[in-house]
Every structure is written in structure tokens, then in C-alpha cells.
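The values are calculated or read from the model by the stated rules, or taken from the named source; none is laboratory data. Just so we're clear, the structure is a prediction, and the values are computed from it rather than from any experiment. Every residue, glycine as well, gets a Cβ built from its backbone with ideal geometry; the counts of neighbours run over all protein chains shown. We work out accessible area using only protein heavy atoms, side chains counted, and drop any ligands, DNA or RNA first. Shrake-Rupley method; radii C 1.70, N 1.55, O 1.52, S 1.80 Å.
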2 protein chains.
Amino acid sequence: MATLLVPHDVPPPNVDAEAIKAAFRGWGTDEKAIVAVLGYRNAGQRRQIRIAYEQLFEEDLVKRFESELSGHLERAVYRWILDPEDRDAVLAHVALRKPTEDFAVLVEFSCIYSPEEFLAVRRAYQHRYKRSLEEDVAANTHDEFRKLLVGLVSAYRYNGGEIDARLAKSEAEILERAVKDKAFNHEDVIRILTTRSKAQLIATFNHYKDANGISISKQLGQDRAANEFTEALKTVIRCINDPIKYYEKVVRNAIKKVGKSDEDALTRVVVTRAEKDLRQIKEAYHKRNSVTLDDAVSKETSGDYKHFILALLGNKAE
Amino acid sequence: MATLLVPHDVPPPNVDAEAIKAAFRGWGTDEKAIVAVLGYRNAGQRRQIRIAYEQLFEEDLVKRFESELSGHLERAVYRWILDPEDRDAVLAHVALRKPTEDFAVLVEFSCIYSPEEFLAVRRAYQHRYKRSLEEDVAANTHDEFRKLLVGLVSAYRYNGGEIDARLAKSEAEILERAVKDKAFNHEDVIRILTTRSKAQLIATFNHYKDANGISISKQLGQDRAANEFTEALKTVIRCINDPIKYYEKVVRNAIKKVGKSDEDALTRVVVTRAEKDLRQIKEAYHKRNSVTLDDAVSKETSGDYKHFILALLGNKAE
């Protein structure tokens, strides 16, 4: 369930656009006024505001934000004001341009989003960058990472719930053998993780756990040969198995690190999930950390960025 | 351009359905009557006939054809009566189940169809078989074939016309080196062929030809180390470079072999292209063989199958 609070009597888009324009006037920017509008509008409403703003003031709202805002707030608002699939295309592109690719973003999109949602991101990526996502992933990665990531971002998985139990058993055994032989980059491991449906993979992981008394992701974590690639495999498995639990951990690590600059990860989870399942992520966080995510964010972040994130987390404007 | 002839005054679907039902009555099936209807209806009209038939007679027309027809005609009608994307899903599935996979079908669909058309085939495949095309390709192929074919059927290529000339040059050089070293299965070769847009690849192939004085597909054909895999690479390159020329050759080889049973390939090209570019394929055939495709088909095939194929080639009913 979503956390985003949208008032019953949402003003028409031109009124919202006027309010944002007013926040740009005078000395400095009135960030609070911007948060008070955008922090309480869904994707369709935000799009209408962008359109209304452009018609009224003949300037691009996204570009204007770039010059009016700065730092974490700027990046968060930028990610929030774009259409969701377009924002995700930007996030994927940013991840690919980092010196050490931030593969987690690509894994999240390809393993958590529905096949159709992820396809929309691939379309948006092409529209924005005039290249396919898979060709940029292929050109920016190497060796086993390339195989895994190109497979993941190319997949258009079957989305049905049917399961082939015999196949789950035989492929659990393939995974088992690969883990025993430390052949983590084995072609079959990559084939299974990148092509099978999520329902099928969950059945396979369950078989693995039943046969080995330990989940495959835990076993990968314990392996002495663990490295960046086994980390990537673990991320794939965790995203498929339990996205809420996965996101909870991303948020937990981000908050621990805040001040050391992982607002980016916190922003990403909040903006991508606020209209989907951020409520469950908050519940998982509360349960796991004995403190609410709202309190943790209040404590560890600051300024207008904090107010914006708290708004998306479902808190009313002060 | 299409070859399919659709009369200006197409009867309503229920009249067509009645005519087909009448052809099933009495001793034997009146194949000519079936060809006279189905050979002159486009995909949307055929769907309407299927629906009307089911409503009028409470039986599935596709199944009924299976019991009424036989041999090449049955297979051709079956491929023609299905929705195009559903038919292509069937063709892909049949290709994967052959003892030696018929990779050409997969290459055609992935390299000739537009990204959206091919995606529709992938969707239809999932709907029909409850698995993704890429997982079946991965499970049924091995080694370098798996890498190439999984890459091809997973691709959702950028469809725009923009070209990066520098990239075309550098990737032409990568292909050149691979051909020189006979490293045809090199990761980069597969990456380039499976992920780049068609426009970009054509620019790359042109660079190759300019620099080497011979096209890459010709050079692959002349290589002494040529094998089934270099054949597959050649098929990819030819499908991307010039689909009409590619199809002409498929038809030419099929007709040469007819009697030795390559009606399947002839049927495939005719049913998949009759509503698209079969007219250009016919022109290319005529030019290359100094005989029209209609005459060649008349001479080399027979019976109701012949009449059906001639109908789809744009010939009026006798």
C-alpha cells in the first residue's frame, strides 16, 4: 500500500502551478511551499502540474527546479516530478555512469517491477537516450557482471503463477551444485535467474532451502569465496524472493550511512515506492529496527529534504 | 507491399463462416471453397470469421480444420487462421522442438520484425505456453548458440534512426578482429549483434565493407572455419541488412527443395509476409531467378496447397 497522502480536494493543476511559481519569486526559494504541493500529489497530478506550468509560464518546470533547488532536495524533487518510468530511466542511467556501477538499481527494476512496468522503463530509456538499456548495460559492464545484468535487463519474464515443480527441483539442484563448486558465474545459474518467472524462481528457492536447510541467499552470504558478484546474485535472489524485506534493508543501510551521503538510496526507495508499497516497507522497518522510519528519517536527515521525504512517507504538512 | 487480395465487397463474417461450414459438409472437404474464402481475407477479417464460426456452430474453427484438412494445406491454413503474433509464437515453438533447432525462424522474428512486433510475439508465446520465449530458448540451446539466440530473443532494440558514426567504426573494428582471429563466438560480437539498433548495425556493417572491400556476411561465408554457428551469424547479419533479399533466398532454397519437403519454409515466408512486403519479395525473386515466384510455385507445388499459396501471392481464384 501507498504512503502518499493526496487531499480529497486537490486544487486544479493551474492553481498548483501558480503556487509553485510563487515559491520561486522574491529572494531565495520557498522550498516549504514546493514541498507542500508536490509532496501531496500523485504521478498523474504531477504530470498535469508540469503541463499547466509550461502553458502558463512558458518555461520547463523541471529545468526551473534545477536552478531553484540544490543538494539532496533538488535530486529528490527531480526524481519525483518526472513520470515514474522516465524517472526510472534516469536512475538506471545515473547508475550506469557511476565509476563503480550501482548494479542494485538495475536489479531492483528488473527483478521487482512487473514485466510490463519494467518494459515501460526500457521504453522510456530509449526515448530519452536514443539507445536501448541493454546496449548501455552491455557496453558498461564486463565478464560475469555483463552476462548477469544484460540477461536481467533484457528479460521479459512470464508473469503467470503456474509452477513446474519438477523443474523447480532440478534447477534447485543446478544451483546447489554451482554453490558447492563455487561456480557462481556458471551459465546455467545466470540462465535460471534471468529467464525464469518469479513464481517459478520462488519455488526453486524453496526447494533449495528444503533440501539444504538454509536459503540460497544466506548460503551465498556465508561463502568464503563471496565477492562483488555473489553479492549481485544475492541481490537478485532477495529482490525476487521478498521485495519488502529487500527495500527495508536498503533503507536501513541508507539511514545508517546518512551524513555519509546515502540519501540517494533513501530517496530512490521513497520516490519509487511511495505510490506502491512504502507502507509495508515502513512496517517492516519498524519491526526490524524498533523505531519508526519516520522517526529515523527525522533524526538522521535535515532541512527541506527531510520535510519532503517525511511528506512522501505519509506525514501531513506541518 | 502486401500481395493479399481482399475484395472490395467482403461478405460479413457470418456469411464467410457459413461458407466454410458448408465446405465441411458431405463427403470429403471442399478445400477449394475454403481457399476461396480464407485466401482473400486479412488478419482482422480472419479473426472475425473465427469468432462468427464459434458463435454460429459452437465449435472451434481451428480445431475443426485440424480434422478436415491434412498435409501441407493443413499446416498452411493453421498458420494463416491464427492471429499473426499467435501464429509466430507457434512457429517459434515448433522451431524449438525440432531435433536440430531451426534457429532461422528465431533470427527472422528477432532481427526483421520491429521491436514492438516482436514483443507482441513474445507476449503471445507466454500466453500460449505459460513460459517466456527466452527461457525456452535458453533451456533448448547450448554454448555459443544459447548466448546468441537468448540475446536475440531478449532484445528490445532501440528503433530510432540515429547513428553514432564513431561507434560504428569502433565496433566494425571489433567485428573485423573477431573474424581475423576466428573468434566468432566472442562476447563482444554477440553483444553488438544482439543489442545495437538496426540502423546502428547497418552503419557498422557498411564501415566493415568500406574497410575490408567485402561485406562481413560474404567474408563469413568464405571462411574455412565456417560452421553452423557462423551460418547463424550470417543469418543475423542478412536479416538486419536486407530482409527482402534474405526472404528471397529462403524462398529460392525452399522451392529448389520442394518435393524434398521444404514447403514449411515456403509457407512460413508466404503467411508471415503476405500482408507486409511479399510483393517486394516476389520482385526480388523474379529478378534473381528470371522466373516469377507464381510460376515457380505453380510448377513445384501441387493440389489445394498450391492454390492456397498462389492466392496469398496475390492471384485471383480460378
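Points to keep in mind about this one:
- Between B:Ser67, B:Ile214, B:Ala165, the Cα set farthest toward the positive side of the dipole of chain B (charges on each charged residue's Cβ, about the Cα centre) is that of B:Ile214.
- Beta carbon of chain B nearest to the axis of the rotation taking B to A, residue and angstrom distance: B:Ser154, 2
- Cα gyration tensor, the stretch A:83-177 - rounded (a/c under 1.5), prolate or oblate: oblate
- Protein-only accessible surface order, largest first, of B:Asp210, B:Asp16 at 1.4 Å: B:Asp210, B:Asp16
- Between chain B and chain A, roughly 2500 Å² of accessible surface gets buried, counting both sides and using a 1.4 Å probe.
- GNM top mover of A:His207, A:His142, A:His93 - chain A, alpha-carbon springs below 10 Å: A:His142
- Dipole orientation for the protein assembly as shown: of the candidates B:His307, B:Tyr285, B:Val15, B:Tyr285 has the Cα lying most toward the positive pole (charges on Cβ; Lys, Arg +1; Asp, Glu -1).
- Relative contact order %, the stretch A:31-92, counting alpha carbon pairs below 8 Å whose residues are six or more apart: 33
- Fluctuation leader among B:Pro13, B:Pro84, B:Pro243 - chain B, Gaussian network, Cα springs under 10 angstrom: B:Pro13
- With Cα atoms, 0 to 90° folded angle of helix B:84-97 axis to chain B main axis: 60
- The stretch B:167-318, dipole about Cα centre (Lys/Arg Cβ +1, Asp/Glu Cβ -1), debye to the nearest 20: 260
- When the trypsin sites (Lys or Arg not before Pro) in the stretch B:254-318 are filtered for DSSP coil states and for at most 16 other beta-carbon atoms within 10 Å of their beta-carbon, the remaining sites are B:Lys260, B:Lys316.
- Given charges at beta-carbon only (K, R positive; D, E negative), |dipole| of the stretch A:51-189 in Debye: 300
- Between B:Leu73, B:Leu175, B:Leu56, the Gaussian network model of chain B with springs among Cα atoms under 10 angstrom shows the greatest mean-square fluctuation at B:Leu56.
- Cα-based helix-to-principal-axis angle, B:198-212 vs chain B, degrees rounded to 10: 50
- The contact residues of the stretch A:170-206, meaning those that lose at least 50 Å² of 1.4 Å-probe accessible area when all protein chains sit together rather than their chain alone, are A:Glu187, A:Arg191, A:Thr195, A:Arg196.
- Within the stretch A:121-213: Cβ-based charge dipole about Cα centre, in debye rounded to nearest 20 (Lys, Arg +1; Asp, Glu -1): 400
- Relative to the longest principal axis of the Cα atoms of chain A, the long axis of helix A:263-273 makes an angle of roughly 90 degrees.
- Calculated label separations, A:Ala33, copies of the chain, 7 Å along the beta-carbon direction, nm: 7.9
- Contact order relative to length of chain A, as percent, for alpha carbon pairs under 8 angstrom and 6 or more apart: 22
- A point 7 Å from Cα along Cα→Cβ stands in for B:Ser290, and the other copies hold the same point at 9.2 nm, listed in rising order.
- Shown for A:Val94: label points 7 Å from Cα along the beta-carbon vector, and their distances to the equivalent points in the other copies, 5.0 nm in ascending order.
- HN-Hα J in Hz across the stretch B:166-180 - Karplus 6.51, -1.76, 1.60, θ = phi - 60°, x for Gly and Pro: 5, 5, 4, 5, 5, 7, 4, 5, 4, 5, 4, 4, 5, 5, 4
- The eigenvalues of the Cα gyration tensor, multiplied by 5 and square-rooted, give the stretch B:1-157 an equivalent ellipsoid with semi-axes of 33, 17, 13 Å from largest to smallest.
- Shown for the stretch B:1-54: the carbon plus sulfur share of the solvent-accessible area, taken with all protein chains present and a 1.4 angstrom probe, equals 59%.
- Loop-located trypsin sites (Lys or Arg not before Pro) in the stretch B:1-72 (DSSP state other than H, G, I, E, B) with a sparse environment of at most 13 neighbouring Cβ atoms within 10 Å: B:Arg25.
- Å² per residue, accessible surface of the protein assembly as shown at 1.4 Å: 45
- For the stretch A:222-300 and the stretch A:113-170, distance of Cα centres in Å: 22
- Ordering B:Leu133, B:Ser110, B:Ala155 by the projection of their Cα atoms onto the charge dipole of the stretch B:59-177, which places +1 on the Cβ of Lys and Arg and -1 on the Cβ of Asp and Glu, puts B:Leu133 at the extreme positive end.
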